[in-house]
Amino acid sequence: MDTLTVVGCQFGDEGKGKVIDYLSKDFDVSVRFNGGENAGHTVVVGDKTIKYHLVPAGFLGSKTVVIANGVVINIKKLVEEIEFLKTFKSSINLKISEMAHVVTELHFKRDSYLEQVRGAGHIGTTLKGIGPAYESKFGRYGIRLVDFRDRKKLLGNLSLISKIYQIPFDEKYVDSLLEDYQMIERYISDTRSYLENEIENGKRVLFETAQGTFIDVESGTYPFVTSSYTTSGGVTVGTGLSPRYFSKFLGVAKAYTTRVGEGMFPTEMFGQEADVLRNFGNEFGTTTGRPRRVGHLDIPMLRRAVKLNSLDYIALTKVDVLGKMDSIKVAVSYESNGSEIKEFDPSRVPDKVNYETFKSWRDDASNLQKYIDFIQSELKVPIVLIGTGEKRDAIKVNGRLAL
Ligand code: IMP
C-alpha cells in the first residue's frame, strides 16, 4: 500500500506542517484525521505564511485534500480558511467527510466554562471548543455534517446540547450555521469509500495527524491532553479505513522539546536559558499566540513515541534554532526511586533526569552530524529529513524514505 502516516513525537508543534508540505508533492491525496482548529500547521511560502487549521497541510503539494471523519469542524473557520487558500491555488479539490462532527458556539462556551470550573487544575486548552465537541460525539449527542440536511434535525440536536450544557442559544444561530454549511456543502461526501478506492487503485495517500503523541487522549499525560487520538492508532478510526492500509509511519520530532498548556514536562528549561531558546525558535502558539514552554530533547520520550507509533522514519526539525545555543543538553534517561528509567511514562514524573551535553554546531557543522548520529543510534530509527530553517525549502534529505 502506498500510504504514509505522519505523527508528532512530542507534545505537538514539532514542525509537522513543513514536513508534510515537503512530502505532499509525492502524494496524490493528503488527509487530516483528528483534532480541529486547535491545530496550526505553519508553512512559509515566499513572503507569505500559511497557517493550516483544518485543511491538510499537504494542500499545496497534493492534488486532493481530505478532512476525514475524525476531525471536528468549526464551519465558519473552515470557510475562512478555504477563502484564504484560494489565493494560493485556483482549483481546490477538497473532500470533507459527512460523518465529521461540528463545533458550535455552545461548545466554545462549554470549553471556557470547564476551564473555569477546573480552576487551578485547568488544562490550558486552546478554547476552540475541541474537548466539548468530542465530548458530544462520545456522549452521542453530537452534530455531524450529515445532520445539516434537515433543519429540524439540526435544531433538535442543538437544543439537546443546549439542555445538557444548560447554555441557551438563539434560534437564529441555526440559520447562520446553515448559511456557513452551504458554503462547504459541495465538498462534503463519503470520504471513507473515496479513500478506500484511491488506495486500492494504487494512489499514494499521505495521512497527517494534528498535535503530538503525548497529548493523545489515551497515550498522553492525561488529563493534560487534547481530546482526540493523535497517535498512529488514530488513523484507522479517524478515517474509517481498515488498519491493513497503514504500514509506514513517520514521526516528526523537534530538535528540542516544547509544550503549550499545562502538564508534565521532565526536561523543561526555565529563566533566561528558556527565554533565549523560545525567542530563537519563535515558540509562540500558532493558534493562540501563547508562549510555549521549552526544554531539552528527551530521548526517553522519543523512545516511547517510536514504539507507540511504530515509527519507520523520523524527521528532525529546527536544528538551525538549537544550533544557536551555546551548548546543548539531551536527556538520555531518568531516575526514580534510585533506579534508572529508559522510557518516558506519561503517568509518572521522574525524580531526576540524566543528561549528556553536546557541542553547538554554530561554528562547526560536524557537531550537528554527531547530534543526529547520537539520536539515530539511541532510537534505532533513521532520521530521513532535517529541517534547517523556516522557509519551505529549508529541508535536507538525510536518508531514503520508501513506502
Ligand atoms: P484543546 O485541544 O484545545 O482541548 O487543548 C488541550 C491541550 O492540548 C492544551 O494543553 C493545548 O495547548 C494542547 N494543544 C491542542 N492543540 C495543540 C496543537 O496543535 N499543538 C500543541 N498543543 C496543542
Look at segment 55-68 and say how many of its residues are surrounded by fewer than 24 Cβ atoms within 10 Å (Cβ to Cβ) and closer than 22 Å to Y134 by Cβ. 1
Looking at K95, K137, which is the one that is within 17 Å of T226 (Cα to Cα), touching a strand residue (DSSP E or B) at 6+ places or on another chain (Cβ under 9 Å) and surrounded by fewer than 22 Cβ atoms within 10 Å (Cβ to Cβ)? K137
Subset of segment 134-163, residues of a type outside the set (V, I, T) and assigned to a loop (DSSP other than H, G, I, E, B), comes to R140, Y141, G142, D150
Can you say whether F224 is surrounded by fewer than 21 Cβ atoms within 10 Å (Cβ to Cβ) and touching a residue at least 24 places away in the same chain (Cβ under 8 Å), as far as the supplied structure shows? no
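If a residue has to be of a type in the set (S, T, Y) and more than 15 Å from the ligand (Cβ to nearest atom) to count, how many in segment 263-286 make the cut?
Just the residues of segment 263-286 that are of a type in the set (S, T, Y), to begin with: 267, 286.
Now narrow it down to the ones that are more than 15 Å from the ligand (Cβ to nearest atom): 267.
Count: 1.
Okay, residues lined up against (1) touching a Leu at 6+ places or on another chain (Cβ under 6 Å); (2) in contact (Cβ under 8 Å) with a residue 12 or more places away in the chain:
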| residue | (1), (2) |
| --- | --- |
| G8 | no, yes |
| F11 | no, yes |
| K16 | no, yes |
| K25 | no, yes |
| A39 | no, yes |
| V43 | no, yes |
| T49 | no, no |
| H53 | no, yes |
| G58 | yes, yes |
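Taking A68, is it within 14 Å of the ligand (Cβ to nearest atom) and closer than 24 Å to S91 by Cβ?
Values: within 14 Å of the ligand (Cβ to nearest atom): no; closer than 24 Å to S91 by Cβ: yes.
In short, no.
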Count - residues of segment 114-145 that are within 13 Å of the ligand (Cβ to nearest atom) and either in the same structural domain as V72 (by TED's automatic domain parsing) or over 22 Å from the mean Cα position of the chain (by Cα) (or both): 3
Looking only at segment 232-262, count how many residues are more than 14 Å from the ligand (Cβ to nearest atom) and in a loop (DSSP other than H, G, I, E, B). 10
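Could you tell me which of the residues L385, L368, L401 is crowded, with 16+ Cβ neighbours inside 10 Å, within 22 Å of the chain's Cα centre (by Cα) and not in a loop (DSSP other than H, G, I, E, B)?
Working: L368 fails: within 22 Å of the chain's Cα centre (by Cα); L401 fails: not in a loop (DSSP other than H, G, I, E, B).
None of the others qualify; the one that does is L385.
What residue, among those in segment 339-359 that are out of contact with any strand residue (DSSP E or B) (no Cβ under 6 Å at 6 or more places or on another chain) and not β-branched (V, I, T), is nearest to K324 (Cα to Cα)?
Taking the candidates together, the pick is K359.
In the set R292, R303, which member is in contact with a Lys or Arg (Cβ under 7 Å, 6 or more places away or on another chain), under 28 Å from G233 (Cα atoms) and more than 16 Å from the ligand (Cβ to nearest atom)?
Working: R292 fails: more than 16 Å from the ligand (Cβ to nearest atom).
Just one listed residue meets the conditions, R303.
Which of the residues that make up segment 176-215 are in a loop (DSSP other than H, G, I, E, B) and in contact (Cβ under 8 Å) with a residue 24 or more places away in the chain? Even if it seems obvious, please write down each step before you answer.
As a first pass, look at segment 176-215 and keep what is in a loop (DSSP other than H, G, I, E, B): 190, 201-204.
Hits for segment 176-215 are D190, G202, K203, R204.
The values are calculated or read from the model by the stated rules, or taken from the named source; none is laboratory data. These figures come from a predicted structure and were not determined experimentally. Cβ sites come from the backbone with ideal geometry, for glycine too, and all protein chains shown count toward neighbours.
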